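The values are calculated or read from the model by the stated rules, or taken from the named source; none is laboratory data. Note that the structure is predicted; figures quoted are calculated from it, not measured. Every residue, glycine as well, gets a Cβ built from its backbone with ideal geometry; the counts of neighbours run over all protein chains shown. Areas reflect the complete protein model, heavy atoms only, side chains present, ligands, DNA and RNA absent. Shrake-Rupley method; radii C 1.70, N 1.55, O 1.52, S 1.80 Å.
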Amino acid sequence: MDALCLRRVRRARSTTAADMTQPPAWRRYLRFWRSNIAEDVDDELRFHVEMRIDEYMARGMAADEARRVATARLGDVDAARSECITLGELRETHARRADFFEGLRTDVRFALRSLANAPGWTAVALLTIALGIGATTTVFSVVDALLVRTVPYPGASRVFLARREVSVGRENEFVGIPYAALREWRENARTIDAVVPFGLDAGPLGTDPDAIRVNAALIDTSFLAFAGAHPLIGRNFDSDEMLPGGPRAILLTEQFWRRQYNGSPDVIGRVVQFDGRPRTIVGVVPASLSIPDFRAERADIMAPLVPTPAMDSGVAMVRAMVRLKPGVSPDAATEELDTIMARAHIVNNSMNPMPMPLRLTRPQDTLKIRQALVMLAGAVALLLLVACMNIAHLLLARGAARRRELAVRYALGARRSRLVRQLVTESAVLAMIGGALAVVVAWTGLKVLTAVRPAKLFALSYVSTNRDIVSITAVLAIACGLVIGLLAALRTAHRDLGTVLRVGEASTPRTGRHLRALLVIGEVALSTTLLVGALLLIHAVFDLQRTPLGFNARDLYAVSFRTTISERTAFGALLRERAARIPGAGRATLAVTTPNNNFVALSAFETPERPSIGDAPRGNVVYFVAPDYFSMMGMPLIAGHTFDEGSLARNEVLVSHSLAHQLWPEGLAIGHRFRNAMGGPLSPFHTWQTVIGVVPNAVRDLVGDATEPAIYQPLDGSDARSIALLIRLQGKEPVESLKQFAASVQRSGSMPVIENVREELDQSMAEPRFIMRILAAFAALGVLLAAIGLFGVISYSVAQRTREIGVRMALGATRGSIAGLIVGDGIRLALIGIAVGLLGAAAATRLIQSLLYGVSRIDPFAFGIGAILLFAVSIAACVVPMLRATGVDPAIAVRGE
Amino acid sequence: MPEHSVEVLRGTLDLLILKSVSWGPTHGYAVARWIEQATDDVLRIEEGSLYPALHRLETRGWISAEWGLSENNRRAKYYTLTAKGRAQLRVETVTWTRFAYAVFAALEAPPQPT
């Protein structure tokens, strides 16, 4: 009996196995009825009982008895039933979730396939997304690093740099605040909470031969409190260490401490040589402590800003930062501080107050390229907009081509929501891939920008590590792409799809035509503006490169050393002697610094004939040079002669042609005298100076101008602790031989620096060149996007007008006239766009004016080339759609698709 | 019906179910019957716990279920071993066999020397 049963079961398996391996699809729809689970459980249990009953009855039991025993054997039916239902519902949830993902996967797969089916289209769309979003991310990262991020101080919105404006040649420069005035501010100013002086220095740390060059920030005891920072280990400076004769101490910055001392806590109390003097390390300050206005690099160490006699007398300036009291406007603070400063002058120096206007500037606003960056940010935001427009365009153009496909699917019963979901998925997939590519573009862009950044924009080198900006922008950009996709998809799907199928697409209304035309005009205009800006900067940089220097920079190298004042003369003699032995060496001379690294002295000059009465001080470039400097540099004297042994004692100087002309406009300067009417006995040129020679104007950098007044003094008159050998050197590896030379004469703490004078001069135009490169890249991008946009809109119009073109051809229109029709459309749009763009450029280039250095803002070269280039690109963009239009077969087109 | 049937150990039931559905689609009643017959009625399963056990295995993905018609034309739920279930069956068979041998070995072992 049992054996028989087993056989029956086995047979049942074999018959059902074949038709049950694959579940019927309709079963999925049974899930819509939730009661199904409970019923299924009941059915299953009922089947079991019935089988048992059959079994028992076959064994001879009565029907009632069989049912009773079968039910009893099942035991606690209710518990089993409810457990089965719970498990069933759990499976149900899982299944629904799996269904959703399965559907998504299908859609994504379908989207990928349909994107792969149109590789050209997909590539263009992806390129647009990746470039648009990537560029935006790059520029916003830069703007964030350079302009937005404020100093991380408490009350950062009230923190300002206090500086004064002074004119040097044609340019305005900023100078610091007299130390004496800071004391007055601290005691008497009611508009500010706090004021801190700070300074920048660089020098050798350690003893030779292991000395390394470090950047030092000079601060006083209040600086850490002002910046809201505490030493990581050790302590802040104490007030004794701020006194001229006090103990010498330094603080290390965290990054320098980790790099140089492996973050060892033992450094506290260690004595190191800085600037040739032993100093005790008293603490380490956190890496987050930043100092604004640091020119090239971050500080490695911090040293006390010890007031010097020159600082006390008001001759030497210090940099200063103030924190305004809450609610005080910068204007009100400026006025009060200016008044106090003027009074401090009279009290301390009994001399004329210096009429140099005080300026309070936000630390992040000190960049010269600030406006250019603001413009770039604006441009790139617009560029992203252009990219978005392009994608919407491309989707629309594609929508037109696919309308038939959608209409057929709609007619076959696909629901509208299903079609929209499909289209949205497709654009989402597009956006995801594009977004991923954009991250790569942005990352590469930042790497490149960091590589070509001017040394001044040191903050830029931290940008590429700031990954969260990249990811946030990428997410925003993807969202952007999704919205566009949704809009385009809704637009495609909302049309009366039934009509499309019935009458063909040529008859569908041409809605959105004006909008599309406007988009294209906007794109062309925007890229014209960008292109003109880039061309202006290219012109400016080109001009700067050809700036007459006033001296001969050919094969000119400079090797600078640090030295002491007492040793300088002997060291100079040694340098000359050894330099003659360098292979390939030409003439050589000595100066205190390299030609492009001279300092500017503020003075208001007077002559016996024309006394100064409270003139605004001007910046004068001061050179300390050897007598043969002029002949070696190729600066033939215009009049007079060069220094001799007694020149220093007799206060004899040479002046630039520009200064001679300024002081004695009517005649010869030789033998005449002048002096500085401003400042105390420690001020430069306080005593009468006699002019013994006039030399041609020479530039310090390429962006300044050669008409800066300059004064040349004998080398020995300088109190600077440096000396530079200037030498003309030919040969294969001049820098290598100069390195060997430097090593042969190097002495303790001399830290030789070798540079090519011409290359250093070129550094001065790093900022305009930097902005030029960025702008040129974006202009190229803009033009590319505009071309894509134009291509998209003309292609779309050709697709829509296929039947019209067919009719025209059937009625005798030549291919040439059809081509004219299509290209004419494109050209009309392009010309309007170019015109608008040129007007925009005329207005927008105001923002880059400070970088143009004499090139006119409405430079015909830039405007002309820009317009021509865009016009050519526009025509090129129309060529492919034009070929498509002329290739229309009238017979097929008219017959109706 | 034999008098001394053993209560199926928890966990053992899962193993037996997996084994019983390993030849092809099987409904719950057939599982119960196979266990009785294959063990000569020694192992008498608690039928109330059989179905929750089946559903548990289904939830875990070790067996899959499908409705079909039985040999006498009734609507019945058939269970099939999945690939995951087959792997599980292999593991548990090994574990169980080792366990049983261990118990045997212990029982056959000579008396402990004192």
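For the pair segment A:177-218 / segment A:863-894, the C-alpha centres are spaced 64 Å from each other. At q = 0.15 Å⁻¹ the log10 of I(q)/I(0) for segment B:22-72 amounts to -0.45, computed by Debye summation with a single uniform scatterer per C-alpha, solvent ignored.
Throw me the Rg/Rh for chain B, computed over C-alpha atoms with Kirkwood Rh, two decimals.
Rg divided by Rh gives 1.07.
Rounded to the nearest 0.05, what FRET efficiency do A:SER856 and A:GLU804 give with R0 = 41 Å and r taken as the Cβ-Cβ distance? Could you check? It comes to 0.30. Given a 1.4 Å probe and every protein chain left where it sits, what share in percent of the accessible area of segment A:817-897 is carbon and sulfur? Whole-percent figure for carbon plus sulfur exposure: 75. A crude spin-label estimate for the pair A:ALA123 and B:ALA109, with each label 7 Å from Cα along the Cβ direction, gives 7.6 nm. Relative protection proxy for A:768-774, B:58-64, from highest mean packing down: A:768-774, B:58-64 (other beta-carbon atoms within 10 angstrom).
Contact residues in segment A:68-83 (at least 20 Å² less accessible area with all protein chains than alone, 1.4 Å probe): A:ARG73, A:LEU74, A:ALA80, A:GLU83. Restricting the calculation to Cα atoms, every distinct pair contributes to the Kirkwood radius of segment A:659-776, found to be 18.5 Å.
Would you mind giving the mean number of other chain beta-carbons within 10 Å of the Cβ of each residue in B:21-27, as a whole number?
Going residue by residue through B:21-27 and averaging, the value is 5.
In whole angstrom, segment A:829-897 maps to an equivalent ellipsoid with semi-axes of 42, 11, 7, each derived as √(5λ) from the alpha carbon gyration tensor and ordered largest first. Peptide B:36-44 is shielded by partner chain Cβ atoms: per residue, an average of 1 of them sit within 10 Å of its Cβ. The simple spin-label model puts a point 7 Å past each Cα toward its Cβ; for A:SER471 and A:ARG359 those points are separated by 4.0 nm. Equivalent ellipsoid of segment A:754-842: semi-axes from √(5λ) of the C-alpha gyration tensor, largest first, are 47, 13, 11 Å.
Entry comment: accessible area of segment A:519-627 is 39 Å² per residue, from protein heavy atoms only and a probe of 1.4 Å. Take each peptide in A:252-260, A:729-737, count the other Cβ atoms within 10 Å of every residue, and average; sorted highest first, the result is A:252-260, A:729-737.
Ordering A:PRO583, A:THR547, A:TYR557 by Cα displacement along the dipole of segment A:538-593 toward the positive end leaves A:PRO583 in first place; charges were set at the Cβ atoms of Lys, Arg (+1) and Asp, Glu (-1).
Each peptide in A:617-628, A:831-842 was scored by the mean count of other Cβ atoms within 10 Å over its residues; highest first, the order is A:617-628, A:831-842.
In plain terms, the bigger the Kirkwood radius, the slower the diffusion; for segment A:215-294, with that radius from Cα pairs, at 10 °C and 1.306 mPa s, Stokes-Einstein puts D at 122 µm²/s. I'd like to know how segment A:92-204 sits against the 2.2 N^0.38 Å rule of thumb: what's its Cα Rg over that expected value? That ratio works out to 2.23. Using a probe of 1.4 Å on the protein chains alone, the accessible area found for A:LEU383 is around 0 Å². Set the Förster radius R0 to 56 Å, insert the Cβ-Cβ distance between A:ALA743 and A:HIS230 as r into 1/(1 + (r/R0)^6), and round the FRET efficiency to 0.05. Once the sixth-power term is evaluated, E becomes 0.85.
Roll a 1.4 Å probe over the protein chains and send me the accessible area per residue for segment A:683-748 in Å². I get 39 Å² per residue for segment A:683-748.
Interface of A with B. Using a 1.4 Å probe and counting protein heavy atoms only, the two chains hide about 3600 Å² of accessible surface, both sides summed.
Partner shielding of B:56-64 amounts to 2, given as the average count of beta-carbon atoms from other chains within 10 Å of each residue beta-carbon. Counting Cα-Cα pairs of segment A:585-707 in 10 Å increments starting at 0 gives whole-percent bin shares of 12, 44, 36, 7, 1, 0. Close amide H pairs (under 5 Å, H built 1.01 Å from N) link A:ARG587 with A:ARG728, residues at least 5 positions away or on another chain. Taken about its Cα centre, segment A:569-710 carries a charge dipole of about 360 debye when Lys and Arg each add +1 at the Cβ and Asp and Glu each add -1 at the Cβ.
Evaluated over the Cα positions of segment A:31-162, the convex hull gives a direction-averaged projected area, one quarter of its surface, of 19.6 nm². If you take the Cα centroid of segment A:691-731 and the Cα centroid of segment A:219-255, the two points sit 37 Å apart. Computing Rg and the Kirkwood Rh from the Cα coordinates of segment A:563-647 gives a ratio, Rg/Rh, of 1.06. Could you tell me how far the Cα centroid of segment A:516-541 sits from the Cα centroid of segment A:41-72, in Å? Cα centres, segment A:41-72 to segment A:516-541: 88 Å.
At full extension, A:ILE865 and A:THR707 could sit 53.7 nm farther apart than now, given 0.36 nm per residue minus the alpha carbon distance. Size check on segment A:510-565: the Cα extents along the three principal axes, sorted descending, read 83, 26, 16 Å.
Quick one: net charge around A:ILE340, please, counting Lys, Arg +1 and Asp, Glu -1 for every other residue with C-beta under 13 Å from its C-beta.
Working: positive: A:ARG183, A:ARG186, A:ARG190, A:ARG343; negative: A:GLU184, A:GLU187, A:GLU335, A:GLU336, A:ASP338.
Net charge in that neighbourhood comes out at -1.
Simple spin-label estimate for A:ASP555 and A:HIS661 gives 3.3 nm between the two label positions (7 Å along the Cα-to-Cβ direction from each Cα). Compared with the rule-of-thumb size 2.2 N^0.38 Å for a compact globular protein, segment A:696-851 has a Cα radius of gyration ratio of 2.03.
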